[in-house]
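Undergrad: Once you've had a glance at the structure underneath, I'll fire off some questions.
Every number here is computed from the coordinates shown, using simple stated rules; none is lab data. If you're wondering where the values come from, they're calculated on a predicted model, not measured in any experiment. Positions of Cβ are backbone-derived with ideal geometry, glycine not excepted, and every protein chain shown enters the neighbour counts.
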Amino acid sequence: MEKTLTIRDLRISFQASGGTVRAVRGVDLDLYQGETLAIVGESGSGKSVTVKAIMGIVSSNQIVEGGTILYRCREKDEWTERDLLRLSRREMRRHINGTHIAMVFQDPMTSLDPTMTIGMQLMEGMIQHLHLSRALARRRAIELLELVGIPEAEKRMRNYPHQLSGGMRQRVVIAIALSCSPDILICDEPTTALDVTIQAKILELIQEIQRKTGISVIYITHDLGVVAKVADYVAVMYAGRIAEKGTVEDIFYDPRHPYTWGLLSSMPDISDESSERLYTIPGSPPSMVDLPAGDPFAPRNAYALEADFKAEPPMFQISQTHFAASWLLDERAPKVAMPDSLRRRIESMRGGERTDG
Amino acid sequence: MMTAKEYASLVEREDFVPAQNRDLGIDKVYSAQSFWKDALGRFVKNRGAVFGLVMIVLIVVMAFAGPTLSGYDYRTQDMSQRNLPPHIAGWESAPIFSGVYTQYVNGEPIRSNVYTQKGIEDVTHIFGTDALGRDQFARTWTGTRVSLYVALVAILIDTFVGMSFGLVSGYYGGKLDFFLQRIVEILSTIPTTVIVTLLIVVMKPGLTSITVALMITEWIGMSRVTRAQTLRLKEREFVLASRTLGENTFSIIFREILPNIFGQIIVMCMMTIPNAIFTEAFLAFIGLGIPAPLASLGSLISDGFKSMTMYPFLVLFPVTVLALLMLSFNLMADGLRDAFDPKMKEM
Amino acid sequence: MFKYVLKRVLISVVTVLIILAVLFTMLHSMPGSPFNDEKITAVQRANLEAKYGLDKPLPVQFVNYLKAMLSGDFGVSYVIQKNMPIASLLRARIMVSIRIGVQAVALGTLIGLLMGIVAAMKRNSFLDTFATVVSVIGVAFPSYVFAMAMSYFIGFRLGWLPLLYSTADAARSTVMPTISLSMFSMATVARFARTEMVEVMGSDYMLLADSKGISSFRLLGVHGLRNALIPIVTVLAPLTVELMTGSLVVEQIFAIPGIGSLLVSAIQFNDYNVVLAVVFVYSIMFISVMLIVDILYGVIDPRIRLAKEDAST
């Protein structure tokens, strides 16, 4: 599989009234062609800032302190590689945004321009980037609307956003994102603002498109249910760093970081017959302005070691695909196992899968 | 980036023991700022707003102390001291308040010290005197009182008429709201100037008629804001909760709704004040102000304007006080709006 | 949309009727009758009253009054220019007022928009601070402060522009009145445009449009400006009110022969007929502007245009 995106040591901070917020503190990520990467984390963990940096959307008070985002793609039958952080805003607009990397935002109710018809919003990018004639762009727009499952596409072209339901709007946003056949689709919590029944449909739609076009997808979400459903590779972020990353099997069946344990334990499970109380991770994410010394998660971590309060743990490699940043993985650390309830739950999930298969 | 080895050396072997005596997972409660404290903090940080507040306090103090300080009263005429330029005794050589009168003849200034010519160097008229020899300082500050009175009236009208109208209309809704809103709609379609002018034409010019005019026109903005906020709040959980608990309408309005829209109400009041002051000054200017010998800033400006090219100081001081007053109330209103609700849109 | 327009028109018509009713009542409650000339005998007076329909019952008189007012027959002036039909008095003056008013709105809106947009684009810069200061002053100071200052310094001391209006030099004469009247429009529009633009720039749809990679010209010009401009239409109504009020004073200061100064002198000379006529003309102008603004707003904002359509079908 070809690697399409390589993020190394990405560091972004911004100035807030309280001081400098270090939103992203050294993130390494890889994305392969056709793969689905999910970035999981609580709000403020830096996941949105990370992907917006890929799009070149950096607000005026943000500073990219360092790192690289290498993007590889085929252009005229040749592989080219570019560092997106070195491109100007103008170059990003011209060569990357929309045509190579596109994005779907969280709230479909507000992410469409209320004063422009759906059709025009769809055609706009194609006319600009692909230099299509209006008629051609229109034909392709209708095709796209049909692709994302909007009935009476031709009629809908003339509609304004407020005339469509939330689910329909998100389909339109997806159609807009796909309009210039990008290689990477970034979905920033694409279903959180939607009704539960529609959520699944939108996810299925994205998966179907992925099957048809072989596009790579990055999901940002805090919903592990979504992750389990769609992702190939998962990165769990906490306080601007990656706490654990691995394939979906690694993360769900063999989690190593106490934060991942917490997240998995706090996931509601309908098949779980035990009447245990749903677990919640104690405390709340730290203020990113004055981070404590050591691991920012330590104060909320029941398995914290003294070491966690002294220094931030490095990334330990567990397998070819699996990494976690926890001192528990150091050879000097005492053996600490995941909580029993989580272990039982994983076992029952595995068992269920075996009987299914 | 550090290598794994460098990382590993950051901690010692003995650190690999479960952390002891740490307050685990206790939610850190950030010192909760109360709404009012928060608002006060934002207000104080706003330089414009603080300037406005200081100016208003200063103007209020002068409005009450000024006439006494001058040693004159606003209506005593002295025909021997007409149209005297600003002068403070002993400041003859100072750049301002020196008593020098400058006349422009074909653009050429001709300067002369009227006070020395008349031999009255010991007389002080800080803002000069008008055509009837009345002290402008006393008149300006007496006139300011009228503006302040109008400001007070505006606040009262806003709270009593505007707020109750909006509360009732918003809270009860239905047919009553429909009816009340049509009244507002029609009233706001008639230009204020027209209403006020007609009213004063019918009634005698004076403070009473100005008050009545303000009463008809100045409450509409407030009633709109109150209504919109009430509509928003009455569906909120805490209001629904007290309603299901059987609290009566009166106490729901006063205990649940009112405290929550108080910020907006204060802001709206502050916005009405400059409007009201301006209305009074405007009426005075077109000859519908309070009758002489009483003065208001508007009537002083109107009178002074007639001889502006000869005696610009007669206009200068009342206009400056009026402009400062309007500016200060505007700045303060803006500051309060930002303080109470940084997101409240400009109105 | 149809329903929306109908409702607006209806409200305007009702308002006009109410204003006329008020004016009619005032006409009747005025001390004395139009014919209280001492030389007129009781018989002559009765004849005159019959001639002008003043002996008829009130409702009939009101209908006649309506007909007259709406056809532009406002009666005659008693004091300012004895027995001069008010309609012709107005005709000569109204264009001057409208010219200055339109110039002021155009100038104010144009500069205000520019200032607001630049301030929003370069937030917290020197330009932003400058625009904020100018707009605070423009909103706070009554237009006559600017008018007087300009009249004294530019007109009197420097002598660059005519101190008083002269028909012979109309174009140059309108410069100072236009600028002083436009200050409020400029300040209001600048303030509003800045807020709207900042809000629009931070909106999700701008983010999406940006992520499409369209040119920054199209991003700002089409998506940004259009969304920011729609709400600005709503401030045009308060601007006209301010303009009318301002024009009364500014016309006075520059001795402009417009309807504003006509109203002021009519008030000062107690020429009731003229006062009522000018007030009526003002009301009609204001109500028309409000109506146009409301309908315009509905037309350019698809959310209103289409929502109302859906509701009425």
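Undergrad: Using only Cα atoms, tell me the angle between helix C:272-300 and the longest principal axis of chain C; keep it within 0 to 90° and round to the nearest 10.
TA: Relative to chain C, helix C:272-300 is tipped by roughly 30 degrees.
Undergrad: Highest GNM mean-square fluctuation, chain B, Cα pairs closer than 10 Å: which of B:GLY90, B:GLY107, B:GLY41?
TA: With Cα springs under 10 Å in chain B, the top fluctuation among B:GLY90, B:GLY107, B:GLY41 is at B:GLY107.
Undergrad: In degrees from 0 to 90, rounded to the nearest 10, what is the angle of the helix A:134-147 Cα long axis to the longest principal axis of chain A?
TA: That works out to roughly 40 degrees.
Undergrad: Next up: Kindly provide the trypsin sites (Lys or Arg not before Pro) of the range B:252-347 that DSSP labels as loop, not H, G, I, E or B, and whose Cβ sees at most 10 other Cβ atoms within 10 Å.
TA: Counting only loop positions with at most 10 other Cβ atoms within 10 Å, the trypsin sites (Lys or Arg not before Pro) in the range B:252-347 are B:LYS343.
Undergrad: To continue, here is another question. For the range B:52-123, which semi-axes, largest first and in whole Å, follow from the square roots of 5 times the eigenvalues of its Cα gyration tensor?
TA: 27, 17, 12
Undergrad: Along Cα→Cβ, 7 Å out, is where each label goes; now give me the distance between the ones at B:ASP78 and C:MET121 in nm to one decimal.
TA: That separation, rounded to one decimal, is 6.0 nm.
Undergrad: At 222 nm, what helix-only mean residue ellipticity would chain A give, in deg cm²/dmol to the nearest 500, using -39500 (n - 2.57) for each DSSP H run of four or more?
TA: -9500 deg cm²/dmol
Undergrad: Also, quick follow-up: What number, in percent, do you get for the relative contact order of the range A:237-356 if the mean sequence gap of Cα pairs under 8 Å and at least 6 apart is divided by its residue count?
TA: Rounded, it is 29 percent for the range A:237-356.
Undergrad: Mean projection of the alpha-carbon convex hull of the range C:189-260 over all orientations, in nm²?
TA: 6.1 nm²
Undergrad: If you average the sequence gap of Cα pairs under 8 Å that are 6 or more apart and divide by the length of chain B, what percent do you get for the contact order?
TA: Computed value for chain B: 23 percent relative contact order.
Undergrad: Name the longest site-free stretch of chain B, where the excluded sites are GluC sites (Glu not before Pro) in a DSSP loop with no more than 16 other beta-carbon atoms within 10 Å.
TA: B:122-234
Undergrad: Please compute, for peptide A:113-121, the average count of beta-carbon atoms on other protein chains lying within 10 Å of each residue's beta-carbon.
TA: Mean shielding count: 5.
Undergrad: Hydropathy first: keep DSSP H helices in chain B averaging at least 1.0 on Kyte-Doolittle, then drop any whose Cα extent along the axis falls short of 20 Å, and list what survives.
TA: Helix filter hits for chain B: B:47-70, B:136-157, B:258-285, B:313-340.
Undergrad: Test of the criteria: in the range A:284-357, which trypsin sites (Lys or Arg not before Pro) are in a DSSP loop and have at most 12 other Cβ atoms within 10 angstrom of their Cβ?
TA: Those satisfying the criteria are A:LYS335.
Undergrad: What's the longest piece of chain A with no exposed GluC sites (Glu not before Pro), counting a site as exposed if DSSP puts it in a loop and it has at most 14 other beta carbons within 10 Å?
TA: A:3-151
Undergrad: Let me ask something additional. Taking a quarter of the surface of the convex hull around the Cα atoms of the range A:276-357, what do you get in nm²?
TA: Projected over every direction and averaged, the Cα hull of the range A:276-357 covers 7.8 nm².
Undergrad: Run through all the Cα pairs of the protein assembly as shown and give the fraction in each 20 Å bin from 0, expressed as whole percent.
TA: Percent of Cα pairs in each bin: 10, 32, 30, 19, 8, 1, 0.
Undergrad: To test your reading of the geometry: what angle, between 0 and 90 degrees and rounded to tens, separates the Cα axis of helix C:126-140 from the longest principal axis of chain C?
TA: So the inclination is approximately 20 degrees.
Undergrad: While we're here: With every atom except the alpha carbons ignored, what do you get for Rg and Dmax of the range A:3-231, in angstroms?
TA: Expressed in Å, the Cα Rg and Dmax of the range A:3-231 come to 17.5, 52.
Undergrad: Next up: Would you compute, for the Cα atoms of the range C:86-312, the largest minus smallest coordinate along each principal axis and list the three values in descending order, in whole Å?
TA: 65, 51, 28
Undergrad: Just the Kirkwood number for chain B, please: inverse of mean 1/r across all distinct Cα pairs, in Å, one decimal.
TA: 24.4 Å
Undergrad: Given charges of +1 on the Cβ of Lys and Arg and -1 on the Cβ of Asp and Glu, with all other atoms neutral, how large is the dipole of the protein assembly as shown about its Cα centre, in debye to the nearest 20?
TA: Its charge dipole is roughly 2720 debye.
Undergrad: Given Cα pairs under 8 Å that are at least 6 residues apart, what percent is the relative contact order of chain C?
TA: The normalised contact order for chain C reaches 27 percent.
Undergrad: Also, I was wondering about something else. Quick check: net charge around B:VAL153, other residues with Cβ under 13 Å of its Cβ, Lys/Arg +1 and Asp/Glu -1?
TA: -2
Undergrad: Specify the inter-centroid distance of the range B:224-260 and the range B:95-160, based on alpha-carbon positions, in whole Å.
TA: 51 Å
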